[in-house]
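Everything below concerns the one structure shown next.
The values are calculated or read from the model by the stated rules, or taken from the named source; none is laboratory data. Quantities reported herein were computed from a predicted structural model and do not represent experimental measurements. In this analysis, Cβ positions are derived from the backbone assuming ideal geometry, glycine residues included, and neighbour counts consider all displayed protein chains. For the accessible areas, the whole protein counts, side chains as well, though only heavy atoms, and no ligand, DNA or RNA atoms are used. Shrake-Rupley method; radii C 1.70, N 1.55, O 1.52, S 1.80 Å.
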Amino acid sequence: MKNIIFAGLACLAFSTSMSAQQLDNSMSDERKEILMQETLKSDMILLSEYVDFDGTQEENLKSFLQLRMELLNDSTITKEEKVALKKGLGKKFLSLLNEGQIEKLKTNQELFEKFTK
């Protein structure tokens, strides 16, 4: 009888532990999403200080930066792949801007490198 009760308690403890871990993982994903959105907002504010957006350019850049952030934070991509990906994404970022915008952005070298390297 003691063994049956012990086995039941062990199963209950195990299932409770698994539920807690799943909850923690989902909360972690929510926190990551919130952090990414806050970072995206601050990046767009910094970028808007140096670049005057034309038409739908602001939305295009915002979508691009969100995709860039998701790709670079993807844990399934190796470091070597991320390095290559960053180079391509830097070129794509520059293609979204016109020459005047690029020149204005280059006045802040740190910000320029953040988005292009």
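Return the residue satisfying two criteria in turn: it lies in the range 25-48 and is charged (D, E, K, R) and under 22 Å from F115 (Cβ atoms), and of such residues it is modelled with the lowest pLDDT. Top of the filtered list is K32.
Scan the range 69-117 for residues that are open to solvent by 50 Å² or more (accessible area, probe 1.4 Å) and among the small types (G, A, S) and the total you get is 3. In the range 98-113, the residues that are closer than 20 Å to T56 by Cα form no Cβ pair under 7 Å with any partner that is open to solvent by 80 Å² or more (accessible area, probe 1.4 Å) and assigned to a helix (DSSP H, G or I), whether six or more places apart or across chains.
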